[in-house]
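Since the structure comes first, as structure tokens, the remarks are kept for the end.
The values are calculated or read from the model by the stated rules, or taken from the named source; none is laboratory data. What you see is a predicted model; the values in this text were computed from it and never measured. Glycine also receives a Cβ, built like all others from the backbone with ideal geometry; neighbour counts cover every protein chain displayed.
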């Protein structure tokens, strides 16, 4: 009887263990700093899942307090490896780290991710870092995920990573500099000359156009002596693609920097001061 009971309990335990995953999969949005409210974290998590779906790349966001004096890029790498992040066997993914107390940030990629070129990563950081400095952390996080989604969609559609040579945003800027701005400048100049010409009155006699002191003609001669030729080596520069640079350990991304808080306006400072005084009185 005891053997049967033991066998039954063993079978139940085995069934329970089979039903539970071997390990809990890490979320894509890892808000260890508890920067966002739970509902905001859930929204970002869903957006990150949508951005990652179907691309074989996981889009991660990580918030921490500080990096303990470590290099921010190495800290992000250690976190990525120790938490076994990444999609599939290649562990493919992109991670943006925000260290709130030490004001550090960095973007890293892993797993042979070619959709995110150095050019595109710089674009993403240039867009969201000012938001971090302004304290708009949710907006920065949401924009990061959105730009990652656009990058992966572009790669899936075009079969090539978004880079300096095929960036649609640079197309209209090029036309603005080539045609629109010169045309605007030419129109302004012509308008000025036309306005000046309207002050002149047409004369009926040629003498009216002669200066009062008359004309003084002089002869100028140029004598040819020699010709000087200078050759300068100017190699052709190919900036059609910046590509993706990676370390020997397979990680790519940015080197990492610090973001700085924008100084508070006087009204904002007074508001925070009054709020702190009132909270201290409670």
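Please verify whether the range 170-178 includes one or more residues that are at pLDDT below 95, out of contact with any helix residue (DSSP H, G or I) (no Cβ under 8 Å at 6 or more places or on another chain) and surrounded by 14 or more Cβ atoms within 10 Å (Cβ to Cβ).
no
Matching residues to (1) in contact (Cβ under 8 Å) with a residue 40 or more places away in the chain; (2) assigned to a helix (DSSP H, G or I); (3) farther than 22 Å from residue 31 by Cβ; (4) within 13 Å of the chain's Cα centre (by Cα):
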residue	(1), (2), (3), (4)
120	yes, yes, yes, yes
129	yes, yes, no, yes
143	no, yes, no, yes
150	no, yes, yes, yes
154	no, yes, yes, no
160	no, no, yes, no
165	yes, no, yes, no
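Return yes or no: is residue 139 surrounded by fewer than 19 Cβ atoms within 10 Å (Cβ to Cβ), within 16 Å of residue 44 (Cβ to Cβ), modelled with pLDDT of 95 or more and in the same structural domain as residue 101 (by TED's automatic domain parsing)? It is true that residue 139 is surrounded by fewer than 19 Cβ atoms within 10 Å (Cβ to Cβ), within 16 Å of residue 44 (Cβ to Cβ), modelled with pLDDT of 95 or more and in the same structural domain as residue 101 (by TED's automatic domain parsing). For the range 82-107, the set of residues classified as over 17 Å from residue 26 (Cα atoms) and in contact with a strand residue (DSSP E or B) (Cβ under 6 Å, 6 or more places away or on another chain) consists of 98, 99, 103, 104, 105, 106, 107, listed by residue number.
This table checks each residue for (1) at pLDDT below 95; (2) outside the structural domain of residue 154 (by TED's automatic domain parsing); (3) out of contact with any strand residue (DSSP E or B) (no Cβ under 6 Å at 6 or more places or on another chain); (4) assigned to a loop (DSSP other than H, G, I, E, B).
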| site | (1), (2), (3), (4) |
| --- | --- |
| 10 | yes, yes, yes, no |
| 13 | yes, yes, yes, no |
| 30 | no, no, no, no |
| 39 | no, no, yes, no |
| 44 | no, no, no, no |
| 69 | yes, no, yes, yes |
| 74 | no, no, yes, no |
| 79 | no, no, yes, no |
